[in-house]
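In what follows, a single structure is set out as structure tokens and then discussed.
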Ligand code: PLP
């Protein structure tokens with residue numbers, strides 16, 4: 001794993017139970033007086049330190065770099081900044097190298113949740129410029145229940161779990177060896193052809209724009225992951241779309257949906273200033289390395305049929 005992560009020292013890789021635990025270990029274990037997190041972080045970052053300060057984002061979901069600089073400069077206590085590499089709802093990629101430079105200039109630590117970017121963008125902690133990087137195996141085709149926090153530069157970490165001296169005393173408990181082996185096998189696998197996936201995704205979005213002038217792709221103007229698309233069908237609740245598309249054999253999700261049963265207003269879209277009615281009608285469409293043109297056509301047929309049905313119903317209701 002250390003070799004795959006850009007030849008970091010093996011002791012830099014702390015195996016944990018997943019992205020959630022790695023994020024907690026980074027934010028709490030570094031013990032910084034100030035913790036700053038972006039407004040679009042995954043809940044496992046947002047809720048790790050309740051008193052964390054929030055770094056605002058612009059309309060495309062990208063961290064406001066001036067605001068970050070100002071926030072850091074306004075209070076000189078030791079700080080940790082946590083900004084994700086790519087967002088799980090919109091796929092929007094953050095300018096991590098610029099963020100790293102600002103954080104460093106202000107003498108703070110930089111943690112980057114790279115859970116969504118791994119396997120699609122460079123994995124190396126060095127390339128990201130972060131002091132701490134979170135990874136989760138199940139996002140790159142590995143098993144669930146295993147992840148890692150990569151810690152560079154000999155940063156001291158207080159363990160969240162105390163007991164045995166495993167993982168250089170930074171995470172007690174017998175290591176999950178089968179999980180680690182599966183994680184490493186997934187990380188060593190050849191990177192899939194994501195240019196092909198990006199072309200499929202772009203074609204899907206273009207087709208939707210032609211069919212439905214009022215449809216909105218959130219974060220469309222930003223640099224995004226090749227496989228993620230957050231699409232609003234205004235006036236139709238996301239949950240209705242999820243159920244209708246499911247009946248047509250298409251699986252999409254409403255909002256973050258990393259966990260089952262969680263459907264609520266998206267903090268990511270709210271932070272981007274997206275109107276609540278648009279956010280409530282946004283679904284997340286995720287492609288994979290094996291997605292085919294036939295599957296995209298299938299999705300588009302189902303989406304278009306639903307769109308036309310809902311528009312006819314709305315017109316009928318207006319006429320009545
Ligand atoms: N961070 C991001 C960006 C995620 O999308 C997820 C979702 O799975 C997590 C963290 C949590 O990872 P895990 O499910 O491995 O705890």
- [ ] Diagonalise the Cα gyration tensor of region 194-319 and give the resulting equivalent ellipsoid semi-axes, square root of 5 times each eigenvalue, largest first, whole Å.
- [x] 21, 18, 15
Open item on the list: Could you identify which residue out of 116, 241, 166 has the top mean-square fluctuation in a GNM of the chain using Cα springs shorter than 10 Å?
Closed with: 166
Task: Cα→Cβ-extended label distance, 7 Å offset, between residue 253 and residue 177, nm - done: 3.2 nm
- [ ] Please report the Cα spread of the chain along all three principal axes, rounded to whole Å, starting with the longest.
- [x] 69, 45, 32
Open item on the list: How far apart, in nanometres, would the label points at residue 311 and residue 246 be if each is projected 7 angstrom from Cα along the Cα-to-Cβ direction?
Closed with: 2.6 nm
Task: Förster radius 45 Å - calculated FRET efficiency between residue 214 and residue 70 (Cβ-Cβ, nearest 0.05) - done: 0.75
- [ ] Report the residue, chosen from 153, 219, 145, that carries the largest GNM mean-square fluctuation when the chain is represented by alpha-carbon nodes joined by springs under 10 Å.
- [x] 153
- [ ] Along Cα→Cβ, 7 Å out, is where each label goes; now give me the distance between the ones at residue 300 and residue 168 in nm to one decimal.
- [x] 5.1 nm
- [ ] Counting only C-alpha contacts under 8 Å and six or more residues apart, can you give the relative contact order of the chain as a whole percent?
- [x] 19 percent
TODO: Give, in nm to one decimal, the length gained when the segment between residue 223 and residue 189 is fully stretched (0.36 nm per residue of separation minus the Cα-Cα distance).
DONE: 9.7 nm
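With each run of n ≥ 4 DSSP H residues scored as -39500 (n - 2.57), what mean residue ellipticity at 222 nm is computed for the chain after dividing by its residue count and rounding to the nearest 500 deg cm²/dmol?
Per the formula, -11000 deg cm²/dmol.
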Task: Extended-chain gain in nm, criterion 0.36 nm per residue less alpha-carbon gap, residue 205 and residue 11 - done: 65.5 nm
TODO: Between residue 239 and residue 270, take the C-beta separation as r, use R0 = 30 Å, and let me know the FRET efficiency to the nearest 0.05.
DONE: 0.95
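Kindly put 303, 289 in sequence by how many other C-beta atoms sit within 10 Å of each C-beta, fewest to most.
By the 10 Å Cβ count, ascending, the order reads 289, 303.
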- [ ] Measure nothing but the geometry: give the 0 to 90° angle between the long axis through the Cα atoms of 194-211 and the longest principal axis through the Cα atoms of the chain, rounded to 10°.
- [x] 30 degrees
Task: Residue among 192, 100, 114 with the largest mean-square fluctuation in a Gaussian network model of the chain, springs linking Cα atoms under 10 Å - done: 192
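Values quoted throughout were computed directly from the atomic coordinates according to the rules given, and no laboratory measurement underlies them. This is a predicted model, so every value here is computed, not measured. Cβ coordinates were reconstructed from backbone atoms using ideal geometry, including for glycine residues, and neighbour counts include every protein chain displayed.
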